[in-house]
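Heads up, the thing below is written out as structure tokens.
Every read-out reported here was derived from the displayed coordinates using simple, explicitly stated rules and does not represent laboratory data. These figures come from a predicted structure and were not determined experimentally. Neighbour counts run over all protein chains shown; Cβ positions are idealised from the backbone, glycine included.
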């Protein structure tokens, strides 16, 4: 399977998962008594994180923008998701450069993953960018720092849940790759 | 010139990044003054169709709950109908009492409302501004600004319309207030805090107004909603010390978590009324 087709498929799968299933389950752990925020885990930035190493920054930016706009049309939040994903796309290369031992051009035809990065670096990489995405998204959505505690709680709870789903996704799909190779 | 091209090449990524972020910010700012573009919303045909397909699958899981709510609504409507069909014991027949009189010799003239049913194909409760997508659009006569209610209470206001879908800004939104009244006629605004989908607020009620827990709050004729639609019931009354005004917390009567069918209400007199009110404002 060519890298392009593979990524296109991944885009469709992750988007469908996000829009048709995850957007519908509004988690509210102890919402009622403690006033805990209702939140949605946003897993779709994972698509940007898993794009191949050799995609240039401008390509990432445009893909990120389009991904965000797609999500925006589904969630009726014109521009908020796009704003967050463009930032993630812009910083992705810098974060990877800091975490990878070799130069990024030395990984031809590979995508960031547990296999070539190891669990710890990949988790740091993904959780940092997901946290960034959620921070930008929820800050713009609420558009005020009056309830700073509420905002932080929402960001942290959403990030943790998103990471849970991302780890589940990785566990499911890395094993498949191992079995094939 | 060469230096300029080199400069552009060197900072191309940063320039592109800033450019895209500016596009995003413009988009966000444009939707915030209520005149958003319809293409980038769930009223969009492709998005609407996808939600429709998803709803076709999920629909069956909610049938039982929906039956219950329809039965309740039937009972409620029958009860109201009974008021109009009073039984005349002398003539031994049902006398139809006409309450609404429309000929010009009488003063009472009721606004004409058209109700259209619509099915909810997507809905959310977790964002700061929640939207409900319905499967009716401009082809079915839906227009921007129409009120949307469910069998049990208010839902929201139509904001984006395409040919076959419309997205409705629900009451669970920080940018929308609804004019409301308590049983004794005191009016105020109902708004949403932005976090819990089962709590609405009604602020700035004078202390001397008598409210109890369990009182119902209805819409007024001032807003785009038809009059006397249930908004919710009071479950907590708090006194704000700073300005000695009451703060009412309401449970919305509509369960936003499992909306299935809604009614889009068209107020045929609204255009005329707005024209009049705008002309008064313009004179000031």
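Descriptive notes on the structure:
- Coarse-grained scattering of segment B:109-170 at q = 0.22, 0.26, 0.27, 0.29 Å⁻¹, given as base-10 log I(q)/I(0) from a Debye sum over alpha-carbon atoms: -0.87, -1.16, -1.23, -1.36
- Averaged over the residues of A:86-96, the number of partner chain Cβ atoms lying within 10 Å of the residue Cβ comes to 2.
- The C-alpha atoms of chain A define a longest principal axis, and helix A:3-16 lies at about 20 degrees to it.
- Cα gyration tensor shape of the protein assembly as shown, rounded if a/c is under 1.5, else prolate or oblate by comparing a/b with b/c: prolate
- Neighbour-count ranking [beta-carbon atoms within 10 angstrom, fewest first] of B:174, A:43: B:174, A:43
- Considering helices alone, the calculated mean residue ellipticity of chain A at 222 nm is -22000 deg cm²/dmol, with DSSP H runs of length four and up weighted by -39500 (n - 2.57) and normalised per residue.
- With contacts taken as Cα pairs under 8 Å and at least 6 residues apart, chain A reaches a relative contact order of 23 percent.
- Highest-first packing order for the peptide set A:71-79, B:256-264 is A:71-79, B:256-264, based on the mean count of other beta carbon atoms within 10 Å.
- Three-way shape label, segment B:125-284, alpha-carbon gyration tensor, a/c 1.5: oblate
- Take each residue of peptide B:11-20, count the partner chain Cβ atoms within 10 Å of its Cβ, and average: the result is 5.
- Angle in degrees between helix B:270-283 and the longest Cα principal axis of chain B, rounded to the nearest 10: 70 degrees
- Whole-percent pair-distance distribution, where bins are 5 Å wide, for the alpha carbons of chain B: 1, 5, 9, 12, 14, 14, 13, 10, 7, 5, 3, 2, 2, 1, 1, 0, 0, 0, 0, 0, 0
- Summary of packing: across the peptides B:11-20, B:193-202, the per-residue average of other C-beta atoms within 10 Å ranks them, highest first, as B:193-202, B:11-20.
- Shape of segment B:178-258, Cα gyration tensor, a/c cut at 1.5: oblate
- Counting, for every residue in B:167-180, the Cβ atoms of other protein chains within 10 Å of its Cβ and taking the mean gives 1.
- Ordering A:2, B:170, A:111 from the fewest to the most neighbouring beta carbons within 10 Å gives A:2, A:111, B:170.
- Relative contact order [Cα under 8 Å, 6+ residues apart], segment B:126-240, whole percent: 22 percent
- Relative contact order for chain B, counting Cα pairs under 8 Å that sit 6 or more residues apart, in percent: 17 percent
- More than 16 angstrom apart: percent of Cα pairs within segment A:87-159: 55 percent
- Base-10 log of normalised Debye intensity for chain A (one unit scatterer per alpha-carbon) at q = 0.09, 0.10, 0.12, 0.19 Å⁻¹: -0.32, -0.39, -0.57, -1.40
- Computed from Cα positions, the angle between helix B:12-32 and the longest principal axis of chain B comes to roughly 10 degrees.
- Chain B - mean residue ellipticity at 222 nm from DSSP helices (-39,500 (n - 2.57) per run, n ≥ 4, rounded to 500): -9500 deg cm²/dmol
- Put in order of Cβ neighbour count within 10 Å, fewest first, the listed residues A:127, B:150 become A:127, B:150.
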